[in-house]
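What follows is a single structure, written as structure tokens, with notes after it.
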């Protein structure tokens, strides 16, 4: 599981830089549509090559629901929000999903919020706040859009644990992405989004997001989610926003300050508290 988590941290963390760059060439929702449509095609090819059958009828409604929540709503919200908020800030807001997941798991999955787990979550959330620079958000509407996407992702995590843990992971990820992409294609067709500035950087953004940030990373995430507690797995993903902030510093020229160092340290401390609790 550790190797899968490390891959997720790097792919999704650096993807905040790629997504911010993609806003230069794509209308936000069109970019997400191309991202998951290409990811779905890659996974369909893999499923066909491995002769993986269609999902059982009992899984299908939950696959559709989690695909729309996790892929369509969460990522559209993040992409739209990044039009007004920096890559690092957007990463932090979107990665409040572990907090909502832990709260929902307490009630839906009997994953008790013990004292140690609560302390770990609080420390990690404080780290997220510090990572933002101890400042408010200028565009509150964009912030709430991203937070709504994070809550949608949290509900998807719970539904996967409750209803889809026995589904084949390639099968699950493939059809989540297919239905998520179909919803985006329908929306983009009904409501024109603008023009795409096709060029080499735009194509590279699609390749990175389709092959790595979508097909591979979401497959790894479903594997991790079905093998660990939902709250623990979600908290572990908090390394990704730290990578996102550092990526913004390195590639986008965003300022690197002491609060970033302190925020990252607090996030890791919170994750360690939750991980040690799980081990014991």
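The values are calculated or read from the model by the stated rules, or taken from the named source; none is laboratory data. All of these numbers come straight from a predicted model, not from anything done at the bench. All Cβ positions, glycine included, derive from the backbone under ideal geometry; neighbour counts span all protein chains shown.
Only one of 45, 7 is within 23 Å of residue 234 (Cα to Cα) and surrounded by fewer than 18 Cβ atoms within 10 Å (Cβ to Cβ); which? Let's see the steps before the verdict.
Numbers: 45 fails: within 23 Å of residue 234 (Cα to Cα).
Testing whether each residue is within 23 Å of residue 234 (Cα to Cα) and surrounded by fewer than 18 Cβ atoms within 10 Å (Cβ to Cβ) leaves just 7.
Can you go through 92, 160, 130, 125 and tell me which one is part of a helix (DSSP H, G or I) and farther than 17 Å from residue 237 by Cβ?
Being part of a helix (DSSP H, G or I) and farther than 17 Å from residue 237 by Cβ holds for just one of 92, 160, 130, 125, which is 130.
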*Please name all residue pairs, on different chains or six or more residues apart, with Cβ atoms under 6 Å, provided the first residue is in segment 214-239 and is at positive phi and part of a helix (DSSP H, G or I) and the second residue is surrounded by fewer than 21 Cβ atoms within 10 Å (Cβ to Cβ) and at pLDDT below 90.*
none
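What number of residues within segment 180-207 satisfy the criterion of being surrounded by fewer than 20 Cβ atoms within 10 Å (Cβ to Cβ) and in a helix (DSSP H, G or I)? Explain how you work it out, then say what you get.
Just the residues of segment 180-207 that are surrounded by fewer than 20 Cβ atoms within 10 Å (Cβ to Cβ), to begin with: 182-183, 185-204, 207.
Next cut, in a helix (DSSP H, G or I) only: 182-183, 185-190, 200-204, 207.
Of the residues in segment 180-207, 14 are surrounded by fewer than 20 Cβ atoms within 10 Å (Cβ to Cβ) and in a helix (DSSP H, G or I).
Got a sec? Which of 65, 71 is buried (at least 22 other Cβ atoms within 10 Å of the Cβ) and in contact with a helix residue (DSSP H, G or I) (Cβ under 8 Å, 6 or more places away or on another chain)?
Working: 65 fails: buried (at least 22 other Cβ atoms within 10 Å of the Cβ).
Exactly one residue qualifies, and that residue is 71.
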*touching a residue at least 12 places away in the same chain (Cβ under 8 Å), more than 18 Å from residue 226 (Cβ to Cβ), out of contact with any strand residue (DSSP E or B) (no Cβ under 6 Å at 6 or more places or on another chain) and part of a helix (DSSP H, G or I), is that true of residue 10?*
yes
*Restricting to segment 47-65, what's the tally of residues that are part of a helix (DSSP H, G or I) and either closer than 18 Å to residue 158 by Cβ or within 25 Å of the chain's Cα centre (by Cα) (or both)?*
7
*Mind listing whichever residues of segment 95-122 are more than 25 Å from residue 181 (Cα to Cα), touching a helix residue (DSSP H, G or I) at 6+ places or on another chain (Cβ under 8 Å) and not in a helix (DSSP H, G or I)?*
109, 111, 112, 113, 114
*Within segment 71-89, how many residues are assigned to a helix (DSSP H, G or I), modelled with pLDDT under 80 and either touching a strand residue (DSSP E or B) at 6+ places or on another chain (Cβ under 7 Å) or farther than 14 Å from residue 12 by Cβ (or both)?*
1
_Among the candidates 264, 272, 250, residue that is modelled with pLDDT of 85 or more, surrounded by 17 or more Cβ atoms within 10 Å (Cβ to Cβ), part of a helix (DSSP H, G or I) and out of contact with any strand residue (DSSP E or B) (no Cβ under 7 Å at 6 or more places or on another chain)_ = 264
*asked:* more than 25 Å from residue 249 (Cβ to Cβ) and touching a residue at least 60 places away in the same chain (Cβ under 8 Å): which single residue out of 126, 160 fits that description?
replied: 160
*So which residues in segment 176-193 are in contact with a helix residue (DSSP H, G or I) (Cβ under 7 Å, 6 or more places away or on another chain) and over 19 Å from residue 39 (Cα atoms), if there are any at all?*
193
*Sole exception among (1) part of a helix (DSSP H, G or I); (2) more than 17 Å from the chain's Cα centre (by Cα); (3) buried (at least 18 other Cβ atoms within 10 Å of the Cβ) for residue 210, by number*: (2)
